[in-house]
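The values are calculated or read from the model by the stated rules, or taken from the named source; none is laboratory data. Just so it is clear, the model here is predicted, and its values are computed rather than measured. In this analysis, Cβ positions are derived from the backbone assuming ideal geometry, glycine residues included, and neighbour counts consider all displayed protein chains.
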């Protein structure tokens, strides 16, 4: 999988793409849908490079590429990336190679001129969802999260018996997926207080976030035709940061027997930037089960998954309260972990999703479920960090405390890959802010 | 709500619309999307009248209506009904009145000529889904079904404590909703046999149907803005028959803690015809809670719902095995019940869905959940009729038995409203056939 587009020494002619800490060097080349902020321009596809966005619609007008790369560029120039996602790996790679050549330090003068004419400063753009999301599915694949939350709901039996045998999932709500930066109202709903005989209706009292990664479906499959595990990777276009906001009091009251519904469907936030699987290739790691744990059944097992089905993606959650903003203070880091601790790989999730014949379509969004690492400070949701709301978390710089989220709180997810001998591959951020409940 | 379009004495100039047993008299006027079978014609909206389909695209070309009715006719002439659904009750009613005048016995000669030119025999058409379904949600609102199934899974505690306080629901899979007549493969998947220490992978061994009604969303709501119960009816375009096929062995193994996923997402069938809420108005009945049961919380309570939130829709499930077909025998009736026994109204379901701010969009599909009546033979799923697969059901005419569905079985749902002093309003049928699992 390693090719010249992963060379750590590769540079761009755009200086900001060569800064050591940038999320967007020439080896990354993630996609988004954007326009200049505050304008009535049409949204179109863009690629991040340093502190700029390469406008793919403007670039396409110049016809800089041929063949598959030109086809993929055309598909990426519209107001969603669904057409690009539908094309599949050969077209994705052709476009990646062409963009790498265009933006790399070896580009011709003509290329540089064409690309420069299509650059828009990233700090001047706004984003739309990268895809028209037909269906959104959320998995539940961190054993540490499952144990942490399980202890809150079912102290005697935190891990359900199916967890180690299949990547568990539920269908989420596609219509309420929003792009980073979109605020949302604290949801109203029903909850049952401990010991009460009747539920009450009111604003959520246990509002939480969930640190997740999402992945977008490429070509997909016809109804009734499962995707074998060995082909699953070819159906994944790329990954994003995802925050599965959760109203825990509503969720815990409603979820027996059919799972989460209103506790989740009021809002789900995704990062604007979609990092391709190709860009993540240098950060693949072996996927290994702890000794003594059940091995995956045949339809979920594949040598390639064992070899490098894991992904070492560093992840952080930050909280910025209204007080942080008012006093100009930096946000507080709530937790940090890596995706490499996940119990199932994204290819296994995709194979599981289709094993009964369910059809995935280009632009569908699959979430990994909350990503919590093996130690307590690595938990990916506040219900875990606060032990079900029983232990207050102190926000260092303001002295405030939290057991759940307050109105005005912004939660910021960050993700990146980094190690010696490879270029840093970043995801940017995924941000959302809690507005007060409706009066 | 009663108006002249419900007059039981009203007749059409088309004789087959006046036959006593027809599902489609002039008082009904349900919508579908269709084309002539076996052609490459574009799909377009149609209205059922007797044994004919009124082609709304052909009719629209004649410009027979003015104002709102003309706008609604134009919106119904495309390849989905989403645009018509988005218009809302005044436009729906304007079109209903105009179609009633066009097809009623009092129509002018010019009207009759225009309409006759747009009729297509129903037995020569094929259907598409009536809407582009952005999101599909399935409720769980029959207390009899909840108790019947609960006894199979949780003998000690069949009814979860939340059931009587809220219409429970989960998100379903929109991409695998198919129109009546589409066969589907028995799904592969994972199940845990009783007493086993590891699950097995194979074809579903407990394939089931679920008798449901569905309803399509009209204008819908913006994210963060709940629809009050008093306005909920205005957001429901109409109803259909719905079969929520279920792989019980897969479902029961996977559903703790996050609910059904692969056990449901391989296929959901809907009838082609959507019966409008206006056509169902004469069959509204009082919605009353059994004495001693909790009353709905304020946000789910409304005088109009108490007055006539229920709907008396007769429903039947029929099984046609391969042997029935081979021997030319009529299918076997498995059960019959009415929707009036449901524990929550469709307006309450819609209000609950949006109470936290979740946005519904035109064409979204909501299912009522399995409809089982108060007595054992009224159960809406075979897992209930066969007591979890422990009691074989004899198919009268062939002598075959069933505990769950076999390959080659077709399940046919039928629904209609009928009482003295009102015109019969029928739903047609919803049919699906089980194909063998993939080799």
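Suppose the filter is more than 27 Å from residue B:43 (Cα to Cα) and surrounded by fewer than 22 Cβ atoms within 10 Å (Cβ to Cβ); does residue B:151 pass it?
Details: more than 27 Å from residue B:43 (Cα to Cα): yes; surrounded by fewer than 22 Cβ atoms within 10 Å (Cβ to Cβ): yes.
Judged against the criteria, residue B:151 is a match.
Scan the range A:26-73 for residues that are free of Cβ contacts under 8 Å to residues at least 60 places away in the same chain and part of a helix (DSSP H, G or I) and jot them down.
A:57, A:59, A:60, A:61, A:67, A:68, A:69, A:70, A:71, A:72, A:73
Among (1) outside any helix (DSSP H, G or I); (2) over 30 Å from residue A:134 (Cβ atoms); (3) not assigned by TED's automatic domain parsing to the domain that holds residue B:10, where does residue B:146 come up short?
Only one criterion in (1) outside any helix (DSSP H, G or I); (2) over 30 Å from residue A:134 (Cβ atoms); (3) not assigned by TED's automatic domain parsing to the domain that holds residue B:10 is unmet by residue B:146, namely (1).
Testing residue B:206 on (1) under 22 Å from residue B:167 (Cβ atoms); (2) surrounded by fewer than 24 Cβ atoms within 10 Å (Cβ to Cβ), one condition comes back false. Which one is that?
Only one criterion in (1) under 22 Å from residue B:167 (Cβ atoms); (2) surrounded by fewer than 24 Cβ atoms within 10 Å (Cβ to Cβ) is unmet by residue B:206, namely (1).
Scan the range A:344-365 for residues that are touching a helix residue (DSSP H, G or I) at 6+ places or on another chain (Cβ under 8 Å) and within 7 Å of chain B (Cβ to nearest Cβ) and jot them down.
Within the range A:344-365, A:355, A:356 meet the criteria.
Of the numbered conditions (1) crowded, with 24+ Cβ neighbours inside 10 Å; (2) within 14 Å of chain A (Cβ to nearest Cβ), residue B:381 satisfies every one except a single condition; which is it?
That leaves (2) as the condition not met.
Just one of A:431, A:424 is farther than 14 Å from residue A:324 by Cβ and assigned by TED's automatic domain parsing to the domain that holds residue A:318; which is it?
A:424
Pairs needed: first member in the range A:246-268, more than 7 Å from every other protein chain (Cβ to nearest Cβ) and under 13 Å from residue A:192 (Cβ atoms); second member anywhere, part of a strand (DSSP E or B) and at pLDDT below 95; C-beta distance under 9 Å; at least 6 residues apart or different chains.
Final answer for the pair search is none.
How many residues, within the range A:294-327, are touching a helix residue (DSSP H, G or I) at 6+ places or on another chain (Cβ under 9 Å), surrounded by 12 or more Cβ atoms within 10 Å (Cβ to Cβ) and farther than 30 Å from residue A:434 by Cβ?
Residues in the range A:294-327 being touching a helix residue (DSSP H, G or I) at 6+ places or on another chain (Cβ under 9 Å), surrounded by 12 or more Cβ atoms within 10 Å (Cβ to Cβ) and farther than 30 Å from residue A:434 by Cβ: 11 in total.
Can you tell which of B:277, B:262 is surrounded by 18 or more Cβ atoms within 10 Å (Cβ to Cβ), more than 30 Å from residue A:351 (Cβ to Cβ) and assigned by TED's automatic domain parsing to the domain that holds residue B:332?
The match here is B:277.
So which residues in the range B:5-25 are more than 17 Å from residue B:108 (Cβ to Cβ) and not in a loop (DSSP other than H, G, I, E, B)?
B:5, B:6, B:15, B:16, B:17, B:18
Mind listing whichever residues of the range A:375-429 are assigned to a helix (DSSP H, G or I) and touching a strand residue (DSSP E or B) at 6+ places or on another chain (Cβ under 7 Å)?
Answer for the range A:375-429, where residues must be assigned to a helix (DSSP H, G or I) and touching a strand residue (DSSP E or B) at 6+ places or on another chain (Cβ under 7 Å): A:377, A:378, A:382, A:383, A:385.
Among the residues of the range B:328-344, what is the count of those that are assigned to a helix (DSSP H, G or I) and crowded, with 22+ Cβ neighbours inside 10 Å?
Residues that pass the stated criteria total 1.
Which fully enclosed strands (runs of 3 or more DSSP E) of the range A:186-242 have 1 or more residues being within 15 Å of the chain's Cα centre (by Cα) and either more than 10 Å from chain B (Cβ to nearest Cβ) or within 24 Å of residue A:339 (Cα to Cα) (or both)?
Here the list reads A:211-217.
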